[in-house]
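Student: Take this structure, written in structure tokens, and hold onto it; I'll ask about it next.
The values are calculated or read from the model by the stated rules, or taken from the named source; none is laboratory data. Predicted model, so just to flag it, every value in this text is computed and none were measured. All Cβ positions, glycine included, derive from the backbone under ideal geometry; neighbour counts span all protein chains shown.
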There are 2 protein chains.
Amino acid sequence: MAASNGLGSFEETSNDDIKSFFDSSPPLKDAAEIKRKLEEFIQKKSFLGKVVLVTSGGTTVPLEQRCVRYIDNFSSGSRGAASAEYFLKAGYAVVFLYREGTYQPFCRSLPNNPLLECFEVTSESNITARPLYEKTVKEAISNTHVAASNGTLLKLPFTTIFEYLQNLQLISSSMSSLGSSALFYLAAAVSDFYVPWESMAVHKIQSSSGPLDMRLAQVPKMLSVLRKDWAPKAFCISFKLETDMKILLEKAGTALKKYNMDMVVANELLTRKEEVVVVTKGGNIVVQRDTTRADADVEEPLIKLIVDKHSAYLS
Amino acid sequence: MAASNGLGSFEETSNDDIKSFFDSSPPLKDAAEIKRKLEEFIQKKSFLGKVVLVTSGGTTVPLEQRCVRYIDNFSSGSRGAASAEYFLKAGYAVVFLYREGTYQPFCRSLPNNPLLECFEVTSESNITARPLYEKTVKEAISNTHVAASNGTLLKLPFTTIFEYLQNLQLISSSMSSLGSSALFYLAAAVSDFYVPWESMAVHKIQSSSGPLDMRLAQVPKMLSVLRKDWAPKAFCISFKLETDMKILLEKAGTALKKYNMDMVVANELLTRKEEVVVVTKGGNIVVQRDTTRADADVEEPLIKLIVDKHSAYLS
């Protein structure tokens, strides 16, 4: 239960750990269909240019097989959704692997309950957007339809840690054919700890008269195997989120070396919408949002920096 | 971490336990404003008739004070949202205490991502509903506006177990002035276990090289105190959700007696959209949805039964 990139600690993960994690996971629904969609998407894009995987939102760890209770990571998916928009604008094809129910590209600026807040029915019984939301709503609808009709955005949902990692493996393997044109932007908040499926209670855990003691196992570190085996030539960016700045930069630096990432984006929980620190082998780069524009976000300069670095990496 | 009504086990809860829970909780934001809204709502309704509190969605248990990780209960809020609609149609004023982000009354039949799926921009740059969704969308918007303009629906959001129980106390105390005209319909999935705020880590829990051991304390059972002290004359309905039918009926029966509920609605996880068992002192009543209509739901006959029983209780 954590918000890193499945990094967790810096213990070495063996191939056996990873095999055993996947072997004991409940099978991914529609795996064949997802694979088919991915192949089609990547084949279409592979001769046009660059493809990025953006992961977004938090994974859950079920505590029961017939799931009533689970451990979740806080993540609205707003960073992933914003980043996907800027990658699309920069000409990338985007595979958007997102937590069910979190923010989607082009919908971030809408209120939480868009239907109720944004619309009204006129006296002629037509639907219309309320004046306050009209511009935002129209842009959201239009941009979404453009991405859909261009076929440059493939959205794949997940909920549990099992679904996330199974999808990540499928996508990485498909994207490895793109070599260094593939970009991994792993912004999802992935659980560090989980309950292995075979040791999980089938029915709801009964509350007893005392306190509840739980023991959670570590999720194997998939970043190593992604880097080494799944997509060895890709440009890889992982994320770190911490609430303590000192721990944050230390852990980001360690992750960069340990997992041989091209960049680690370091986020401090309270200031992450204003600035992030991009940790690279060449040093740290502070990226800040343009404070002269009220609606400017930090993802705009961040994606610009990444696109430049990826281009340099390609040439 | 559970999905009951904060019942958990059937240990007696002392007033000290409850006082200590509230004393150690982080203060509820906007408590004064919520109280003011409630008083205004109840005063307006008190001479018109019956008021129901519908609680909906699951509570979270934060694992860190600057919350990155939390334990959550599975609940879409679809039962609560549907029930609120039928109570409104039956002439009740509804206080809807819901988990942020879950289903809202009159929006259940819309797809998850309503904006993208339901709308399009016409060539004249007007917004229009896609034909498939037009009827549903118009009804959703109209019904919502009717409830808003009648002032019969007061929506209050929560996320954590602390916010839920603090709101429950505020609302019960305000509604106690209505005597037996007040109805409590406690459908929310409330955590049984939590981490007391003062013993919670301030910063994000660091993953270490071994497994993670956690000890969770029991949430005090608020149903007793609601029944005895907060709103002693109200008609009270609590919910039980289990994945095992035998355990379910046993626990529902015990809760009915132990907490002196007027009804306990027993839900089995897999069949709960088809049927529920209403456990009362006079025996069990099986309530099933009308299977001759595709869009019929189990909440329709359930709320009809409750409204009848509440009327009998009043006279």
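Student: When only residues in the stretch A:121-132 that are of a type outside the set (Val, Ile, Thr) and at pLDDT below 80 count, which is nearest to A:ILE161 (Cα to Cα)?
Tutor: My answer is A:ASN126.
Student: So in the stretch B:78-92, with the set limited to residues that are of a type outside the set (D, E, K, R) and surrounded by 24 or more Cβ atoms within 10 Å (Cβ to Cβ), which one is farthest from the other protein chains (Cβ to nearest Cβ)?
Tutor: B:TYR92
Student: In the stretch B:129-144, what residues are more than 7 Å from chain A (Cβ to nearest Cβ) and part of a helix (DSSP H, G or I)?
Tutor: B:PRO131, B:LEU132, B:TYR133, B:GLU134, B:LYS135, B:THR136, B:GLU139, B:ASN143
Student: Please find, among B:ALA201, B:ALA252, the residue that is modelled with pLDDT of 95 or more and within 14 Å of chain A (Cβ to nearest Cβ).
Tutor: Testing whether each residue is modelled with pLDDT of 95 or more and within 14 Å of chain A (Cβ to nearest Cβ) leaves just B:ALA252.
Student: Return a yes/no flag: does the stretch A:268-276 have any residue that is crowded, with 16+ Cβ neighbours inside 10 Å, among the hydrophobic types (A, V, I, L, M, F, W, C) and modelled with pLDDT of 95 or more.
Tutor: yes
Student: Going through the stretch B:145-165 one residue at a time, which ones are among the polar types (S, T, N, Q) and either in a helix (DSSP H, G or I) or within 11 Å of chain A (Cβ to nearest Cβ) (or both)?
Tutor: Once the filter is applied, which keeps residues that are among the polar types (S, T, N, Q) and either in a helix (DSSP H, G or I) or within 11 Å of chain A (Cβ to nearest Cβ) (or both), the stretch B:145-165 yields B:SER149, B:ASN150, B:THR159.
Student: While we're here: State all residues of the stretch B:1-28 that are over 19 Å from B:SER172 (Cβ atoms) and either part of a loop (DSSP other than H, G, I, E, B) or modelled with pLDDT under 65 (or both); if no residue qualifies, say none.
Tutor: Scanning the stretch B:1-28 gives B:MET1, B:ALA2, B:ALA3, B:SER9, B:PHE10, B:GLU11, B:GLU12, B:PRO26.
Student: Right, here's the next one. Would you say B:ARG130 is surrounded by fewer than 19 Cβ atoms within 10 Å (Cβ to Cβ) and among the basic types (Lys, Arg)?
Tutor: yes
Student: Let me ask you something else. Looking at A:ARG293, A:ARG289, can you tell me which residue is in contact with a Pro (Cβ under 8 Å, 6 or more places away or on another chain) and not hydroxyl-bearing (Ser, Thr, Tyr)?
Tutor: Result of the check over A:ARG293, A:ARG289: A:ARG289.
Student: Assuming A:GLU163 fulfils every condition listed in (1) in contact with a helix residue (DSSP H, G or I) (Cβ under 6 Å, 6 or more places away or on another chain); (2) among the charged types (D, E, K, R); (3) at pLDDT 95 or above apart from one, which condition is it?
Tutor: Of (1) in contact with a helix residue (DSSP H, G or I) (Cβ under 6 Å, 6 or more places away or on another chain); (2) among the charged types (D, E, K, R); (3) at pLDDT 95 or above, only one is false for A:GLU163: (1).
Student: State whether one or more residues within the stretch B:39-58 are within 12 Å of another protein chain (Cβ to nearest Cβ) and either in contact with a Pro (Cβ under 7 Å, 6 or more places away or on another chain) or surrounded by fewer than 21 Cβ atoms within 10 Å (Cβ to Cβ) (or both).
Tutor: The answer is no; no qualifying residue exists.
Student: Another question, then. Might you check whether a residue that is in a loop (DSSP other than H, G, I, E, B) and modelled with pLDDT of 80 or more occurs anywhere in the stretch A:60-69?
Tutor: yes
Results for (1) surrounded by fewer than 23 Cβ atoms within 10 Å (Cβ to Cβ); (2) farther than 22 Å from B:ASP213 by Cβ, shown as yes or no for each residue.
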residue	(1), (2)
A:ALA147	yes, yes
A:PRO157	yes, yes
A:GLN166	yes, yes
A:SER191	no, no
A:PRO211	yes, no
A:LEU241	no, yes
A:LYS246	yes, yes
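Student: Sticking with this one: Does B:SER109 fit the bill of being part of a loop (DSSP other than H, G, I, E, B), surrounded by fewer than 18 Cβ atoms within 10 Å (Cβ to Cβ), out of contact with any Asp or Glu (no Cβ under 7 Å at 6 or more places or on another chain) and in contact (Cβ under 8 Å) with a residue 60 or more places away in the chain?
Tutor: Considered against the rule, which asks whether it is part of a loop (DSSP other than H, G, I, E, B), surrounded by fewer than 18 Cβ atoms within 10 Å (Cβ to Cβ), out of contact with any Asp or Glu (no Cβ under 7 Å at 6 or more places or on another chain) and in contact (Cβ under 8 Å) with a residue 60 or more places away in the chain, B:SER109 comes out as yes.
Student: Please state which of the following conditions B:PRO62 fails to meet, knowing it meets all the rest: (1) facing chain A (nearest Cβ under 10 Å); (2) touching a helix residue (DSSP H, G or I) at 6+ places or on another chain (Cβ under 6 Å).
Tutor: Evaluating B:PRO62 over (1) facing chain A (nearest Cβ under 10 Å); (2) touching a helix residue (DSSP H, G or I) at 6+ places or on another chain (Cβ under 6 Å) leaves (2) as the failure.
Student: For the stretch B:208-243, enumerate the residues that are assigned to a strand (DSSP E or B), under 19 Å from the mean Cα position of the chain (by Cα) and within 10 Å of chain A (Cβ to nearest Cβ).
Tutor: Across the stretch B:208-243, the qualifying residues are B:LEU241, B:GLU242.
Student: Further question on the same structure: Considering each of A:THR292, A:THR280 in turn, give the residue that is among the polar types (S, T, N, Q), out of contact with any Lys or Arg (no Cβ under 9 Å at 6 or more places or on another chain) and more than 14 Å from chain B (Cβ to nearest Cβ).
Tutor: A:THR292
Student: Let me ask you something else. Across the stretch A:281-304, which residue is surrounded by the fewest Cβ atoms within 10 Å (Cβ to Cβ) among those that are in contact (Cβ under 8 Å) with a residue 60 or more places away in the chain and not in a helix (DSSP H, G or I)?
Tutor: A:ASP295
Student: Specify which of the listed residues (B:VAL265, B:VAL278, B:VAL307) is farther than 25 Å from A:GLN65 by Cβ and in a strand (DSSP E or B).
Tutor: The conditions single out B:VAL278.
Student: Right, here's the next one. Report, by residue number, each residue of the stretch A:238-268 that is among the aliphatic types (A, V, I, L, M) and out of contact with any helix residue (DSSP H, G or I) (no Cβ under 9 Å at 6 or more places or on another chain).
Tutor: Selection gives A:MET245, A:ILE247, A:LEU248, A:LEU249, A:ALA252, A:LEU256.
Student: Output yes when any residue across the stretch B:157-179 is farther than 21 Å from B:PHE41 by Cα, in contact with a Lys or Arg (Cβ under 8 Å, 6 or more places away or on another chain) and without any contact (Cβ under 8 Å) to a residue 40 or more places away in the chain, and no when none is.
Tutor: no
Student: Quickly run through the stretch A:71-105 and pick out the residues that are in a strand (DSSP E or B) and modelled with pLDDT of 90 or more.
Tutor: Passing the criteria: A:ILE71, A:ASP72, A:ALA93, A:VAL94, A:VAL95, A:PHE96, A:LEU97, A:TYR98, A:ARG99.
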